[in-house]
Every structure is written in C-alpha cells, then in structure tokens.
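What follows is a set of notes on a single structure, which appears directly below.
The values are calculated or read from the model by the stated rules, or taken from the named source; none is laboratory data. Since the structure is predicted, the reported quantities are computational estimates derived from the model, not experimental observations. Cβ: placed from backbone, ideal geometry, glycine included. Neighbour counts: every protein chain shown. The protein model used for the area step is the full one, side chains on, heavy atoms only, and it has no ligands, DNA or RNA in it. Shrake-Rupley method; radii C 1.70, N 1.55, O 1.52, S 1.80 Å.
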Amino acid sequence: MITPKIISNGILRALATILIIVAILYFLYEIQTVIVYLVISLILCLIANPLIIFLKNKLKFSNSWAATTTLIIFILTMIGFFLLFVPLIISQANNLSLLDTDSLQKQLMTTGRAIETYFNIQHLDLNEVLRESKITSKLDFSYFTGFINSIMGFMANMGMGLVSIFFITFFFIKDQEIFKAGAKKILPDNNEDKILNSILKINHLLTRYFIGLLLQLTVVFILYLIVLIIFGNKNAFVIAFLCAILNIIPYIGPIIGTILAGILTMISLIGSDFQSEILPHTIYVVIGFLIVQAIDNNISQPIISSKSVNSHPLEIFLITLISGITFGIVGMIIAVPVYTMLKVILKEFFPDNKIVSVLTERI
C-alpha cells in the first residue's frame, strides 16, 4: 500500500536526484575551460600516437623521453608557425581593420552605380533606394575585420591555455600505461576486455582521422592560397586561412568560405572599375574555390572519412546530415568521431546483432 510517507520519500529522492544533476551540470559549466583543455590534449595525443610508437619501438625511447620529445616537436612546430605566418596574418588583419568605413560606404555607392550601368537597370535608381533605406548606415562594415581581430585576440590570450594543454598532454603521453592499469582496476571484470578493446580501436581510428583531417585542411589552405595569389588578392593569406578553417564544418563550411572569399575579394577591389576588375576577379576567385572544393570533396574527404574510420561515404554523409539537423554546426563537426566511437563499442558488446554486424563489417 502506498502511504503518504512513501510518496514524500519518493518526491524527496526525485528532488535530490534533480539537484545532484543540476549541481553536476553547473560544475561542468564552471570548469568548461578545463574540459576544453583535456579534449585538446587528448586530440594531440591521438595525433602524436604514430610518432610515440616510432620513438618507443624503433628508437627505444622511454615513456618520459618519448613524451618530452613529442612535446618539443609540438612546441617547435607551433613556434615555427608563429614565426612564419602570424606576423603576416597580423599585418594583413591590421590592413583590414584600418579600412575607412566612411570611404568604404562612398565606394560602395560608386560600385552600385557601376552595377546599375553594367546590367542596364534603367527603371530602378539604386542610389535613391540606398539613400531612402539608409542601408549603408545600418551595415556593420567592421563585422569581418572584427571577426579577424577576435581570432587574433584569442590567439594572443592563449598563453596560459597552451601551458596547461602541453602540461596535460605530457602526462597523457608519459603515463598512458599507468592510466590503463588504473582503468583495469576500476572497470568491471566481466566487461574489462571489451572496454579495453574498444578504447584501443577508438584510439587507432581517431588517430588516423585527426591526422587525416589536419592534412586535408593543410591541402585545402594551400590550394585556396594558390587561387587567391593567382588572381592578385591583397589579403590572400588571411582569406585562405579563414576559409580553410571553415572546412572543419562539413558541407556548410566550404559554402560559407566561398561566400566569404567572394565578399572579401570585392571589398579589397572597391574603388576599381566594376566591369573590368571587381566582377571578373570575384567570379574567378569563386570558380577557383569551387574547383578546390570539387577536388576536396572527391579526393580528400572520401579518403579521410572512408579510409581513416572505415565507413562508407554515404554513411558518413547521412550521419553528418542527421547530426547537423539535430545538434547544429557542433553536431556536424563531432559527427564522424562520435559515430566511430559508437560503432566500435557496439561491435564489441553486440557482435551478433545483424544490424550492428552490417554497420561494423569494415571495422
């Protein structure tokens, strides 16, 4: 028989559970920076795994020396990147940030008249429409420059974060075996082998995936840069860098990057003749970016998505699409790694299930 005391105890337990969950979520929110550091460190470990294996197996390095050498290589690579590229990024970003917005508005009005003449729009006075709507006064011309400057500010304030990330990464690499031994003590005995096998397979597949993704972004960046340099874009490095980073977002990122490249190309040429300079250069840049994306979509992405995580391209497309619809851009970015982890876990724990066996036959 259900008594008032049982009901009250149930309500109290439910409230206590809710409070505990809220407290945990709040705690995770408060330490979100630490969580980001841990995730970045884990990704660095996955990327570094081939090098660590080489140092240990071929050169007979100890755990400490392998971790130290790997960390030094990461630091030297980062320093080299800063010495070679960051001064160029900062100088070009400053050029963009110093744009005279008043002059830019006047030049846009001139460009509008050129468009009107070029397309023979005789029945519509674009300048009058712009004046009446006051659209130029409402446009935030510093949006893109603000975006670039925010990236520069983020990079400038990453000092403490980099120290923390490298510190965590060092111990992740150095004490892998200790962590595995500790996990064995914590894990339930009946599922210990399955869990450890899952971790090893996930580690192997995601290592290949992140290395492949890094290579893909580098290739796309170089191709974007070549296109922009060929057509004489003044801010080629910055635009190529930003558009390559946007490629992290599957399918949508390249589209945004192409639009961004077209807009920034037009901005860099404002003041030139619309028919002979602005329009042709913008069209050429957009076509060049589309060609790069065709190469990337048909060569780079299938190799990374299919070969590195052993999944069919259509499978990857559908998972990315579903994740994007459900969780937005973040879902699209993490779709492939999370899906790979789930496939490995399902194969370990439910190998006899027909659906699981079909989905994981390539793993």
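If you check A16 against the conditions, is it modelled with pLDDT of 85 or more, more than 30 Å from P337 (Cα to Cα) and not acidic (D, E)? Lay out the reasoning, then the answer.
Values: modelled with pLDDT of 85 or more: yes; more than 30 Å from P337 (Cα to Cα): yes; not acidic (D, E): yes.
Yes.
So which residues in the stretch 327-359 are β-branched (V, I, T), over 17 Å from G253 (Cβ atoms) and under 18 Å from the mean Cα position of the chain (by Cα)? Explain how you work it out, then say what you get.
Residues of the stretch 327-359 that are β-branched (V, I, T), as a first pass: 329-330, 333-334, 336, 338, 340, 344-345, 355-356, 358.
Applying the additional criterion that residues be over 17 Å from G253 (Cβ atoms) yields 338, 340, 344-345, 355-356, 358.
Answer for the stretch 327-359, where residues must be β-branched (V, I, T), over 17 Å from G253 (Cβ atoms) and under 18 Å from the mean Cα position of the chain (by Cα): V338, T340.
If the Cβ limit is 8 Å and pairs must be 6+ apart or interchain, which residue in the stretch 219-243 that is within 14 Å of L264 (Cα to Cα) pairs with which residue that is aliphatic (A, V, I, L, M) and in a loop (DSSP other than H, G, I, E, B)?
Taking only residues 6 or more apart or on different chains, not a single pair turns up.
Please determine whether any residue of the stretch 169-180 is within 21 Å of V309 (Cα to Cα) and touching a residue at least 12 places away in the same chain (Cβ under 8 Å).
Of the residues in the stretch 169-180, the ones within 21 Å of V309 (Cα to Cα) are none.
So far as the stretch 169-180 goes, no, none of its residues is within 21 Å of V309 (Cα to Cα) and touching a residue at least 12 places away in the same chain (Cβ under 8 Å).
Given the options F231, F241, name the one that is in contact with a Phe, Trp or Tyr (Cβ under 6 Å, 6 or more places away or on another chain) and open to solvent by less than 80 Å² (accessible area, probe 1.4 Å). Even if it seems obvious, please write down each step before you answer.
Working: F241 fails: in contact with a Phe, Trp or Tyr (Cβ under 6 Å, 6 or more places away or on another chain).
Only one candidate qualifies: F231.
Which number in (1) assigned to a helix (DSSP H, G or I); (2) surrounded by 12 or more Cβ atoms within 10 Å (Cβ to Cβ); (3) modelled with pLDDT of 85 or more marks the one condition that F27 misses?
So F27 meets the others, but not (2).
Inside the stretch 71-93, can you point out the residues that are surrounded by fewer than 12 Cβ atoms within 10 Å (Cβ to Cβ), among the hydrophobic types (A, V, I, L, M, F, W, C) and either modelled with pLDDT under 65 or farther than 22 Å from V163 by Cβ (or both)?
Residue satisfying the conditions is L84 alone.
Of all residues in the stretch 30-63 being among the aliphatic types (A, V, I, L, M) and in contact with a Gly (Cβ under 9 Å, 6 or more places away or on another chain), which is surrounded by the fewest Cβ atoms within 10 Å (Cβ to Cβ)?
Step one: of the stretch 30-63, the residues among the aliphatic types (A, V, I, L, M) are 31, 34-36, 38-40, 42-44, 46-48, 51-53, 55, 59.
Among the residues that remain, those that are also in contact with a Gly (Cβ under 9 Å, 6 or more places away or on another chain) are: 36, 40.
Values: V36: 13, I40: 16.
Restricting to residues being among the aliphatic types (A, V, I, L, M) and in contact with a Gly (Cβ under 9 Å, 6 or more places away or on another chain), the top hit is V36.
In the stretch 323-363, what residues are within 24 Å of L214 (Cα to Cα), assigned to a loop (DSSP other than H, G, I, E, B) and open to solvent by less than 60 Å² (accessible area, probe 1.4 Å)?
First, pick out the residues of the stretch 323-363 that are within 24 Å of L214 (Cα to Cα): 323-324, 327-344, 362-363.
Next cut, assigned to a loop (DSSP other than H, G, I, E, B) only: 362-363.
Answer for the stretch 323-363, where residues must be within 24 Å of L214 (Cα to Cα), assigned to a loop (DSSP other than H, G, I, E, B) and open to solvent by less than 60 Å² (accessible area, probe 1.4 Å): just I363.
Tell me, please, whether a residue that is closer than 25 Å to V285 by Cβ and polar (S, T, N, Q) can be found in the stretch 219-236. Show your work before the answer.
If we filter the stretch 219-236 for residues that are closer than 25 Å to V285 by Cβ, which is where we start, we get 219-236.
This time we only want the ones that are polar (S, T, N, Q), so: 233, 235.
The answer is yes; a qualifying residue exists.
Counting just the residues of the stretch 320-363 that are farther than 30 Å from P188 by Cα and in contact with a Ser or Thr (Cβ under 8 Å, 6 or more places away or on another chain), which one comes out modelled with the lowest pLDDT? Give the steps one after another, and end with the answer.
First pass over the stretch 320-363, keeping only residues farther than 30 Å from P188 by Cα: 320-333.
So of that shortlist, the ones also in contact with a Ser or Thr (Cβ under 8 Å, 6 or more places away or on another chain) come out as 331-332.
Working: G331: 77, M332: 80.
Checking each candidate, the answer is G331.
Among the residues that make up the stretch 176-187, is at least one of them at pLDDT 85 or above, open to solvent by 70 Å² or more (accessible area, probe 1.4 Å) and closer than 30 Å to E348 by Cβ? Show your work before the answer.
The initial filter retains those residues of the stretch 176-187 that are at pLDDT 85 or above, namely none.
No, because not a single residue in the stretch 176-187 is at pLDDT 85 or above, open to solvent by 70 Å² or more (accessible area, probe 1.4 Å) and closer than 30 Å to E348 by Cβ.
To keep it simple, each residue is scored yes or no on (1) closer than 19 Å to I256 by Cα; (2) in contact (Cβ under 8 Å) with a residue 60 or more places away in the chain; (3) charged (D, E, K, R).
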| position | (1), (2), (3) |
| --- | --- |
| L290 | yes, no, no |
| I295 | yes, yes, no |
| E315 | no, no, yes |
| L318 | no, no, no |
| G328 | yes, no, no |
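Would you be able to say whether some residue in the stretch 269-288 is at pLDDT below 75, surrounded by 20 or more Cβ atoms within 10 Å (Cβ to Cβ) and more than 18 Å from the chain's Cα centre (by Cα)? Step through it out loud before you land on a result.
To start, the set of residues in the stretch 269-288 that are at pLDDT below 75 comprises 269-276.
Now drop any that are not surrounded by 20 or more Cβ atoms within 10 Å (Cβ to Cβ), which leaves 269, 274.
From the residues that got through so far, the ones that are more than 18 Å from the chain's Cα centre (by Cα) too are 269, 274.
Among the residues of the stretch 269-288, at least one is at pLDDT below 75, surrounded by 20 or more Cβ atoms within 10 Å (Cβ to Cβ) and more than 18 Å from the chain's Cα centre (by Cα), which makes the answer yes.
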